[in-house]
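Asker: Structure provided below as structure tokens; questions to follow.
Bear in mind these aren't lab numbers, they're just calculated from the coordinates by the rules spelled out. Everything numeric here is computed off the predicted structure, so don't read it as measured data. Cβ: placed from backbone, ideal geometry, glycine included. Neighbour counts: every protein chain shown.
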Amino acid sequence: MKKIGIVLLVIIGVVIVVGGMVIAGLNKPVVLDEQVNNAWAQVENQLQRRVDLIPNLVSTVKGYMEHERGTFEKITELRSQWARSASTQEKIQTSNAITDALSKILMVSENYPELKANENFLSLQAQLEGTENRITVERMRYNDTVKIFNAYQRTIFGSVFCSLRGLGQPRVYFKAAEGAKEVPKVTF
């Protein structure tokens with residue numbers, strides 16, 4: 001009778017340990033997925049902050065640079081496009097285009113001494129530069145969490161548990177826009 005009791009305790013112990021491992025394995029993809037979602041939400045928060053600052057920057061600069069109307073129209077169009085973007089990939093592409101257009105405005109401002117001295121412009125420029133830095137940090141954090149999720153998903157047990165939880169697709173990295181390595185040219 002003692003042998004049966006010991007065997008039963010060992011079997012129960014093994015079932016508890018294996019069950020705990022399965023539950024932990026099923027929970028890990030969900031936790032990683034939520035971390036990716038949270039990181040993306042932080043990127044979106046900073047992108048929204050930038051989108052909110054754009055009208056103020058554009059209206060301040062507009063009076064000084066009337067002939068740059070095409071750039072302003074492009075920024076306004078991209079701002080609306082970002083708000084309508086449904087997928088992460090669309091938001092990434094639109095955000096990269098906004099970054100490119102804003103860099104052109106900031107470069108053009110160098111040619112307008114009155115604009116550079118304008119207090120409103122300086123304040124908005126500082127806020128925008130700070131926002132761009134925040135966006136860069138949040139993009140990096142997002143990519144770090146995507147890396148962890150995608151790496152786990154590629155492991156043997158990770159792929160099984162992710163599939164069981166319906167999280168079988170790898171997440172998309174936030175990559176630099178095409179042509180981002182080229183210095184933008186500003187001409188008058």
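Asker: Which residues' amide hydrogens lie under 5 Å from the amide hydrogen of Arg171, considering only partners 5 or more residues apart or on another chain, with H built in the peptide plane?
Answerer: Amide H neighbours of Arg171, under 5 Å, 5+ apart: Asn150.
Asker: Taking K and R as +1 and D and E as -1, what net charge do the other residues with C-beta under 13 Å from the C-beta of Gln169 add up to?
Answerer: Residues close to Gln169 contribute a combined charge of +2.
Asker: How far apart, in nanometres, would the label points at Leu122 and Gln48 be if each is projected 7 angstrom from Cα along the Cα-to-Cβ direction?
Answerer: 3.2
Asker: Further question on the same structure: Excluding Gln153 itself, what net charge comes from residues whose Cβ is under 12 Å from its Cβ, given Lys and Arg +1 and Asp and Glu -1?
Answerer: Once positives and negatives cancel, what remains is +4.
Asker: Ser163 to Lys3: FRET efficiency via 1/(1 + (r/R0)^6), r the Cβ-Cβ distance, R0 30 Å, to the nearest 0.05?
Answerer: Computed FRET efficiency for Ser163 and Lys3: 0.15.
Asker: Sort the following peptides by mean Cβ neighbour count (other Cβ atoms within 10 Å, averaged over residues), highest first: 91-100, 3-12.
Answerer: Highest mean packing first, the order is 91-100, 3-12.
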